[in-house]
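Please read the structure below before turning to the comments.
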Amino acid sequence: MDPLPLVDQHCHGVLRDGPHDRAGFEALLTESHAPPAPGTSFFDTQLGFAVRRWCAPVLGLEPHCAPEAYLDRRSALGTPEVTRRLLRAARVRTFLVDTGLPGDLLAPEELAAAGGGTAREIVRLEPLAERAAAGARGADAFLAALGAAIGTAAGTAAAFKSVAAYRYGLDLDPRPPAPAELWTAATRWLASGRTGRLTDPVLLRHLMWSAARTGLPLQVHTGFGDPDLRLHRADPLLLTDFLRAVEPTGCRVVLLHGYPFHRNAGYLAAVHPHVYADVGLTLGHTGARAEAVLSEMLELAPFGKLLFSTDAHGLPELYLTGAQLFRQAMARLSTRFTGDGSWSRADADRVAALLAAGNARRLYGLDD
């Protein structure tokens, strides 16, 4: 049986070259900014084990080979060949690529060419605002440039994304800022010299509301990530009042990642018609426990509102592990649910296809 075709509804580019040493590779197996503790390795994680299980055979090695052997083979093949092999093995048909991360990464069209698929861009709001501010003289000019930039992006993007969870937290005032409040916040930020990232809660709210009014889906980071965020302020339940307030705009909101609040995201998708939830990042990092986590997401979330993604970044390995862990978890759950008579086989196949690609195609208006 052919693997489930996938739409990766949230991912990032992979490195154009490298990484060239073990430390650089391991740094991309973790959300931590720090090296592993002395005497330990990030290969000794669920994700590290998944890489050796699923990626080694694609590079011509035995599953679970030693990390040193894996990295030696990777180096011998070279980055372009490794990227091509691993992306093709993932069998992702469509990549929705968040282009907001720094680094020498493949652009969406390059990623799609390497993987044998197609790509669309997800526009990250906060860097868009930072670019709009770079040459602006005064709050009025900045806000006008920002509005124009969002409008232009909406013409080609598949969706917008907010990382307010990193920049401030999700415990934002749910209302759109009043004009005077917005102008004051813009003036204050511009006067600060704009030397750091945009963290002003008023401007972050403005970005989310501006994106919501374009008619495109809005993806919002929730749950775990790197140490820039405070996890207790990344619980999607903190968005409850915003979700209620934004519903009349018609905006569809996608709650990314979620873990360890993935059940909360599933609840919000269950009770709000415009809210969707995503399994990305979580399944890759939970590895052999991906089946348990996916099962928890399937407890309350409507099956037509859960979306597959990898949240892969930097390493093509993260595409393949994310894809394979999802397929394996979905297959095992389907077998269990059909085996005890809870689901019919026809329904199990239909639900798997919805999560893998169907829901994303409907939500983002993707062509077959």
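Would you kindly identify the helices (runs of 4 or more DSSP H) lying entirely within segment 149-229 that contain at least 3 residues that are on the phi > 0 side of the Ramachandran plot?
none
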Notebook entry, point to check: What single numbered condition from (1) outside any helix (DSSP H, G or I); (2) within 23 Å of residue 308 (Cβ to Cβ); (3) touching a residue at least 24 places away in the same chain (Cβ under 8 Å) fails to hold for residue 43?
Noted result: (2)
Item checked: Among (1) more than 22 Å from residue 89 (Cα to Cα); (2) not in a loop (DSSP other than H, G, I, E, B), the one test that residue 7 misses -> (1)
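For every residue, the table says whether it meets (1) out of contact with any His (no Cβ under 6 Å at 6 or more places or on another chain); (2) surrounded by fewer than 24 Cβ atoms within 10 Å (Cβ to Cβ); (3) under 24 Å from residue 313 (Cα atoms); (4) in contact (Cβ under 8 Å) with a residue 12 or more places away in the chain.
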site: 214; (1), (2), (3), (4): yes, yes, no, yes
site: 227; (1), (2), (3), (4): no, yes, yes, yes
site: 238; (1), (2), (3), (4): yes, yes, no, yes
site: 250; (1), (2), (3), (4): yes, yes, no, yes
site: 254; (1), (2), (3), (4): yes, no, yes, yes
site: 264; (1), (2), (3), (4): yes, yes, no, yes
site: 267; (1), (2), (3), (4): yes, yes, no, yes
Notebook entry, point to check: Of all the residues that make up segment 128-153, how many are over 23 Å from residue 184 (Cβ atoms) and surrounded by 15 or more Cβ atoms within 10 Å (Cβ to Cβ)?
Noted result: 1
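Taking residue 19 as the residue in question, decide whether it is modelled with pLDDT of 95 or more and either surrounded by 13 or more Cβ atoms within 10 Å (Cβ to Cβ) or part of a strand (DSSP E or B) (or both). Spell out how you get there, then give the answer.
On the way: modelled with pLDDT of 95 or more: yes; either surrounded by 13 or more Cβ atoms within 10 Å (Cβ to Cβ) or part of a strand (DSSP E or B) (or both): yes.
When the stated conditions are applied, residue 19 passes them.
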Next item on the list: Looking for whichever is under 19 Å from residue 158 (Cα atoms) and out of contact with any Phe, Trp or Tyr (no Cβ under 7 Å at 6 or more places or on another chain) here; the options are 345, 263, 362, 252. Which one fits?
Entry: 362
Margin query: Quick test of your reading of the structure: residue 286 fulfils all but one of (1) assigned to a helix (DSSP H, G or I); (2) within 16 Å of the chain's Cα centre (by Cα); (3) of a type in the set (S, T, N, Q); (4) under 16 Å from residue 8 (Cβ atoms). Name the failing condition by number.
Written below: (4)
Margin query: Could you go through segment 95-104 and let me know if any residue there is more than 30 Å from residue 355 (Cα to Cα) and among the hydroxyl-bearing types (Ser, Thr, Tyr).
Written below: no
Check: Are there any pairs, at least 6 apart or on different chains, whose C-beta atoms fall under 6 Å, with the first in segment 275-294 and under 16 Å from residue 223 (Cα atoms) and the second of a type in the set (S, T, N, Q), and if so, which?
Finding: 278/309; 280/309; 280/310; 284/321; 286/46; 293/282; 293/286
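Does residue 25 meet the test of being assigned to a loop (DSSP other than H, G, I, E, B) and either among the hydrophobic types (A, V, I, L, M, F, W, C) or crowded, with 17+ Cβ neighbours inside 10 Å (or both)?
Details: assigned to a loop (DSSP other than H, G, I, E, B): no; either among the hydrophobic types (A, V, I, L, M, F, W, C) or crowded, with 17+ Cβ neighbours inside 10 Å (or both): yes.
Spelling it out, it is not the case that residue 25 is assigned to a loop (DSSP other than H, G, I, E, B) and either among the hydrophobic types (A, V, I, L, M, F, W, C) or crowded, with 17+ Cβ neighbours inside 10 Å (or both).
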Next item on the list: Write out, first by first residue and then by second, each pair whose Cβ atoms fall under 9 Å of each other, whose residues are 6+ apart or on separate chains, and whose first residue, in segment 14-30, is farther than 22 Å from residue 90 by Cβ while the second is part of a helix (DSSP H, G or I).
Entry: 20/75; 21/71; 22/67; 22/68; 22/71
Margin query: Return the residues of segment 304-347 that are in a helix (DSSP H, G or I), of a type in the set (A, V, I, L, M) and either without any contact (Cβ under 8 Å) to a residue 12 or more places away in the chain or more than 23 Å from residue 268 (Cα to Cα) (or both); say none if nothing qualifies.
Written below: 318, 320, 323, 325, 331, 346
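The values are calculated or read from the model by the stated rules, or taken from the named source; none is laboratory data. Here the structure is a predicted model, which means the values were calculated and not measured. Glycine also receives a Cβ, built like all others from the backbone with ideal geometry; neighbour counts cover every protein chain displayed.
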